[in-house]
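Novice: Below you'll find the structure I mean.
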Amino acid sequence: MRLLSRLLLSRVFLAAAGAATLVSAYQLFGPRGEELGFMRRTLTDRVVGSAAADLPRRENVKTVAVLDLPGDANGFITTELRRRVADSGKYELIEDSFFRKLLREFGYNQAPVSGLREAVAAARNLGVDAVVFGEVPEFKSSGDAASLALEIRMAERESGQAVFAKSYRETATGRPTALSYWRARMADSPKGTRILVWVLFATLLPLLLAPVVRWLAGQDSNTINLAMLVGLTLVDLLAAWFLTGFWIPTLWSAAMLVAATAGGGYYNYRVATAIDEMAR
């Protein structure tokens, strides 16, 4: 234990870990030159994800087709919506190449559907139980902001009625000082890089504060020792929360925060104990 402690506190290790932290942090926080690009991708991910999750599960609907959305110039939002609906497991989507063939045959790829009557007719022509349709009234970037508006509806072939209708609108800014910017930035960053940055930060924190840790531990007060460990662990937790964009969008994010708290607390205890033992 003493040998490991000396290694962790050695100048060579601290310099190497510090350099690795700077490199990883630059990769994560450095300029990308496409701020609005990733903001638009993040907006699409959030809005389309919400729309796919909101679609109702209908007992009499087994197969569904997602029609091309008017206003989706490059088909990016439509493609993402189809993927999200398929991943939800609520419905069975017809095979893409066959679906494209049917769209061309009935002319729906040239004149996208936006009305209920046309949507019901499309469901009957395509041979599916229901169709998801709608439009993209707005998807643009201006200055340092991006905005997306999406209208989604679902129509059943059997009843001929719309069983779902909802509008979505979100705006995000590309200003580094805005919370939405960092939230989008973190969402668009590799999870592995964020985990590495946190591990390096949590590793270095008590080591760089070794003189303070040594002094506090030398007070021989359980209350002071507990407060020190709680403080170090809270800093670790705050760093992990920052690397999620200050939100918890998924169970994975929540699990990472729990793991950061438990792992950081245990590591801080062991390092503080080792530093105290070396000082005695």
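Novice: Show the residue pairs that are 6+ apart or on different chains and have beta-carbon atoms under 7 Å apart, the first residue being within segment 218-236 and in the same structural domain as M256 (by TED's automatic domain parsing), the second being among the β-branched types (V, I, T).
Specialist: M228/V213; T233/T261
Novice: May I pose another question? Name the residue that is surrounded by the fewest Cβ atoms within 10 Å (Cβ to Cβ), counting only residues in segment 59-80 that are touching a Ser or Thr at 6+ places or on another chain (Cβ under 9 Å) and of a type in the set (A, V, I, L, M, F, W, C).
Specialist: F76
Novice: Taking the condition outside any helix (DSSP H, G or I) and either under 25 Å from L22 (Cα atoms) or touching a Leu at 6+ places or on another chain (Cβ under 6 Å) (or both), does T233 pass?
Specialist: When the stated conditions are applied, T233 does not pass them.
Conditions tested, residue by residue: (1) of a type in the set (A, V, I, L, M, F, W, C); (2) touching a Ser or Thr at 6+ places or on another chain (Cβ under 9 Å); (3) modelled with pLDDT of 90 or more.
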{"position": "G218", "(1), (2), (3)": "no, no, no"}
{"position": "I224", "(1), (2), (3)": "yes, no, yes"}
{"position": "G264", "(1), (2), (3)": "no, yes, yes"}
{"position": "N268", "(1), (2), (3)": "no, yes, yes"}
{"position": "D276", "(1), (2), (3)": "no, no, no"}
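Novice: Shifting gears a bit: Looking at T250, T261, T273 in this structure, which one is outside the structural domain of R46 (by TED's automatic domain parsing), surrounded by fewer than 17 Cβ atoms within 10 Å (Cβ to Cβ), among the polar types (S, T, N, Q) and more than 34 Å from the chain's Cα centre (by Cα)?
Specialist: Being outside the structural domain of R46 (by TED's automatic domain parsing), surrounded by fewer than 17 Cβ atoms within 10 Å (Cβ to Cβ), among the polar types (S, T, N, Q) and more than 34 Å from the chain's Cα centre (by Cα) holds for just one of T250, T261, T273, which is T273.
Novice: Filter the strands (runs of 3 or more DSSP E) completely within segment 81-188 down to those with at least 1 residues that are at pLDDT below 70.
Specialist: Where strands (runs of 3 or more DSSP E) fall fully within segment 81-188 and carry at least 1 residues being at pLDDT below 70, they are 130-142, 162-173.
The values are calculated or read from the model by the stated rules, or taken from the named source; none is laboratory data. The structure presented is a predicted model; accordingly, all values stated were derived computationally and were not measured. Note that each Cβ is placed from the backbone with ideal geometry, even for glycine, and that neighbours are counted across all protein chains shown.
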